[in-house]
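For reference, the structure is listed below as structure tokens.
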Amino acid sequence: MTDYLCISEKPTAAKRIATALDERGKPKKLPVPRNFGRIPVWESMRNGDRIVTIPALGHLYSTVEDSAGGWHYPAFSYKWTPSYLANEKNKTRPFILAFKKFGKEISNVIIATDYDLEGEVIGATIAKFACGQDLANVKRMRFSTLTKSDIVNSFEHRDPSVNINLVNAGFARHEIDWLFGINLTRALTLSIKHATGRYKLITTGRVQGPTLRFVADRERDIQTFVPIPRWAIDARIDLDGDEIFIEYNKKFLPSLKEAEKVVAETTGRDGIVKEIGPRKITQKPPAPFNLGTLQSEAYRHFGYTPSRTLRAAETLYLNALISYPRTSSQQFTAAINHRDILTQLTKCDPYRVRANKLLAKSKLHPTFGKKKDPAHPPIHPTGKKLAGNLRNEERNLYNLIVCRYLAIFGEPSIKNGLRLDLKINDHIFYLRGMKVLKKGWLEFYTPFGRVDEVELPDLAVGDVVKLAYINHKQSYTQPPARYNPNSLLKKMEEQELGTKATRASTIDILYSRGYIEDESINATDLGFAVIDTLQKNSPDIISIELTRKLQREIEDIQAGKKSREAVLMESIVQLKKILEKFHKKEKIIGVTLEEQVQNLKQRQRILGKCPVCKQGELIITRSIRTKKRFVGCTGFYKKLCDWSAPIPQKGYAVPAKKNCKHCGFPMLTIRRKGKKPFTICPNWISCPGTPDEVIDNYRNNKAGALDAIVEEET
DNA sequence: GCAAGGTC
């Protein structure tokens, strides 16, 4: 009889591993000392052997500076330490305690984390630091799915030792990101501190840098864009008194002369229907959702930002309503029993009919996309009955996920795209129609797969129609569109920056640092200043090339062509030069950045034009006398306007960038820790939208009286 | 209060 200690990446996986390895499929939960906290330790029995499976919670160890003394740079000395020591909010202590306890009792250690680079690091740090193992003696299970057969197979054919090159490659990834991120962030932040004595956190890193640059580059493209004039033909025909728009066969004409020619040659003439061409369009059902496509679709249908979608999906996952959301996979494996899930869904009113329809099929073939993920299947409903405690956005997202899941079993849809060609003199115009011949999967994706059918007027080839109006219209070529949170995330995905689990939060960080702003994302002057500074002093950190190079080096370490130490030394040599440059230019860098920090702070206080004097701007400010925060007009200083109003004192107040629908005043948003942000009208005293009780409460000095003037959830 | 990467 042998004892094994099995290291798993997370609680859900641990349970499945323990269940698969237990002969009776019923692993025992082992008691852990109460002071460890709540942590599931599983015991499975197999062929007389005992397997103890303990989950991690992702990374339990991380890199921190290996010297005291606060912020300074260069900082090249780091060590691996328990994450709960590196960060107070981290809740991994009980997990490390459990691994330490059972690691002392059991010497046969098997790593059974996700089969990827980070999984290797998660397992190796635990085996080494918590269990005190020499990695050469640690075994490795490699599975591509968490199915019983894969788990059992990977246990029986486990690798005799971990792949040390792979572990070193993973360690190097963490360490290089730490070296670049910590040092450049400190260099930027300290430049302000040393030059002006002020503190403002200016961060950057391998992923933040290039992501900010995408936005800055796009903004520069827009600002330097030269619009070129072009002309379109605007035409309508008369059909029994109805005017119907027709398209010219060229969307735009490059010169006025050409446009005038078209108008001159068609004015006053009739058109003849030349051809009515049906074109069958077959559209296959979409691939199942992975996190990226879910975020994209949720943005399209509900306007949710990727990070909002991820948060809502996590809640659904923790309520066991959907599968693991941080997946890249668009391919189901045979392991998932779709018939079971669909049967469960028939118990839910909105899905009953559709699920039954699918169950009536003799075979269920889900679609698949290109992306794979060794650790997880695509996002799908579990079939568990919906509880009543979900928020609106979670319900919406759940509905989207279920409908998509139903749609992937559907038949292709067939549409008839109709085009009627109208000849007027020698010019061809189009009238387009669209008819759905067979709904197929679109029926299952309702309400998300709606197609607007456009009927063609009842015309036949040879019919003559009267031109009702024709003229040319000048317009201009358009600059490229700004990114929004969704398209920026897609760009990161395309460029392989960050991971599925981190991209949305990186974008949030750029917002919170004041580098980017608005839904239609533009770089702030501070964002530009950071990019300019880095461009001059450390161009690599804002280039995707750093990520490419890191990828190559990781591959080299994996292949045994390069050592982890050599790769790290290269980075340190490179950083040394960069940081010396920063040090020499600290003054000018600090002053430049601080100027933009102040500029940003100032701008972030302005709500908008004052509707009273129409000259000044409403600004969030503080009274010198009472120290209380209020909104006033900048016209006050010029003795133009003395409008002002009290606002809530707690929380973080920023311009809402929209106007009150009742009185037109520019509004402000208040964010308070742990609470939903709310938007209020500064003119609440006179605004018709303010409930009477708010005014009463305020007059009666009730605490938090102003909190009630909530415009809407933000 | 610093990175990026896991997970709850």
- Item | From A:Thr211, A:Thr204, residue being surrounded by 21 or more Cβ atoms within 10 Å (Cβ to Cβ), in a helix (DSSP H, G or I), within 9 Å of DNA strand B (Cβ to nearest atom) and among the hydroxyl-bearing types (Ser, Thr, Tyr) | A:Thr211
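Residues are listed down the side, and each one gets a yes or a no for (1) more than 11 Å from DNA strand B (Cβ to nearest atom); (2) not in a loop (DSSP other than H, G, I, E, B):
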site: A:Tyr4; (1), (2): yes, yes
site: A:Arg24; (1), (2): yes, no
site: A:Val32; (1), (2): yes, no
site: A:Glu43; (1), (2): yes, yes
site: A:Thr53; (1), (2): yes, yes
site: A:Ser67; (1), (2): no, no
site: A:Trp71; (1), (2): no, no
- Note on the structure: Residue count, segment A:331-355, condition closer than 21 Å to A:Thr446 by Cα and in contact (Cβ under 8 Å) with a residue 12 or more places away in the chain, comes to 14
- Item | Scope segment A:487-504; condition in a helix (DSSP H, G or I), touching a Gly at 6+ places or on another chain (Cβ under 9 Å) and of a type outside the set (A, V, I, L, M, F, W, C); matching residues | A:Lys490, A:Glu493, A:Arg503
- Message: Any residue that is part of a strand (DSSP E or B), of a type in the set (Lys, Arg) and over 20 Å from A:Thr679 (Cβ atoms) - is there at least one of those in segment A:601-619?
- Response: no
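Would you check if there is a residue in segment A:215-232 being among the hydrophobic types (A, V, I, L, M, F, W, C), under 30 Å from A:Gln495 (Cβ atoms) and surrounded by 17 or more Cβ atoms within 10 Å (Cβ to Cβ)? Don't jump to the end; show me each part of the working.
Step one: filter segment A:215-232 for residues among the hydrophobic types (A, V, I, L, M, F, W, C), giving A:215-216, A:222, A:225-226, A:228, A:231-232.
After this cut, where a residue has to be under 30 Å from A:Gln495 (Cβ atoms) as well, the list is A:215-216, A:222, A:225-226, A:228.
Still in the running and surrounded by 17 or more Cβ atoms within 10 Å (Cβ to Cβ): A:215-216.
Taking every residue of segment A:215-232 in turn, at least one turns out to be among the hydrophobic types (A, V, I, L, M, F, W, C), under 30 Å from A:Gln495 (Cβ atoms) and surrounded by 17 or more Cβ atoms within 10 Å (Cβ to Cβ).
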- In segment A:181-201, anything open to solvent by 10 Å² or more (accessible area, probe 1.4 Å) and either more than 20 Å from A:Ser505 (Cα to Cα) or touching a helix residue (DSSP H, G or I) at 6+ places or on another chain (Cβ under 7 Å) (or both) is listed as A:Arg186, A:Leu190, A:Lys193, A:His194, A:Ala195, A:Thr196, A:Gly197, A:Arg198, A:Tyr199, A:Lys200, A:Leu201
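When you scan segment A:624-677, how many residues do you find that are within 24 Å of A:Gly689 (Cα to Cα), small (Gly, Ala, Ser) and assigned to a loop (DSSP other than H, G, I, E, B)?
Going through segment A:624-677, the residues within 24 Å of A:Gly689 (Cα to Cα) turn out to be A:629-633, A:641-672, A:675-677.
With the extra rule that they be small (Gly, Ala, Ser), the set shrinks to A:632, A:644-645, A:651, A:653, A:656, A:664.
From the residues that got through so far, the ones that are assigned to a loop (DSSP other than H, G, I, E, B) too are A:651, A:664.
Qualifying residue count for the region: 2.
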- Which numbered condition A:Phe214 fails, given (1) within 35 Å of the chain's Cα centre (by Cα); (2) in the same structural domain as A:Arg46 (by TED's automatic domain parsing): (2)
- Just one of the numbered conditions (1) open to solvent by less than 30 Å² (accessible area, probe 1.4 Å); (2) assigned to a loop (DSSP other than H, G, I, E, B); (3) out of contact with any Ser or Thr (no Cβ under 7 Å at 6 or more places or on another chain) is not true of A:Ala287; which one? (3)
- Query: Restricting segment A:622-649 to residues that are of a type outside the set (A, V, I, L, M, F, W, C) and under 16 Å from A:Ile680 (Cα atoms), which is surrounded by the most Cβ atoms within 10 Å (Cβ to Cβ)?
  - Reply: A:Gly632
- All positions within segment A:183-201 that are closer than 14 Å to A:Leu526 by Cβ and near DNA strand B (Cβ under 9 Å from one of its atoms): A:Thr189, A:Lys200, A:Leu201
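Going through segment A:519-571 one residue at a time, which ones are of a type in the set (A, V, I, L, M, F, W, C), assigned to a helix (DSSP H, G or I) and over 26 Å from A:Gln598 (Cβ atoms)? Can you show your working first?
Here is the first cut: in segment A:519-571, the residues of a type in the set (A, V, I, L, M, F, W, C) are A:521, A:523, A:526, A:528-531, A:534, A:541-542, A:544, A:546, A:550, A:554, A:557, A:559, A:566-569.
If we keep only those that are assigned to a helix (DSSP H, G or I) too, we end up with A:526, A:528-531, A:534, A:541-542, A:546, A:550, A:554, A:557, A:566-569.
Across segment A:519-571, the qualifying residues are A:Leu546, A:Leu550, A:Ile554, A:Ile557, A:Ala566, A:Val567, A:Leu568, A:Met569.
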- Does segment A:93-105 contain at least one residue that is assigned to a helix (DSSP H, G or I), over 30 Å from the mean Cα position of the chain (by Cα) and under 17 Å from A:His376 (Cβ atoms)? no
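How many of the residues in segment A:92-102 are within 10 Å of DNA strand B (Cβ to nearest atom) and touching a helix residue (DSSP H, G or I) at 6+ places or on another chain (Cβ under 7 Å)?
1
Determine whether A:Pro485 is of a type outside the set (A, V, I, L, M, F, W, C) and touching an Asp or Glu at 6+ places or on another chain (Cβ under 6 Å).
no
The values are calculated or read from the model by the stated rules, or taken from the named source; none is laboratory data. Note that the structure is a prediction, hence the values are computed from the model and not measured. Quick reminder, even Gly has a Cβ in these numbers, built from the backbone with ideal geometry, and neighbours come from all protein chains shown. Keep in mind that these areas ignore ligands, DNA and RNA; they rest on the heavy atoms of the full protein, side chains included. Shrake-Rupley method; radii C 1.70, N 1.55, O 1.52, S 1.80 Å.
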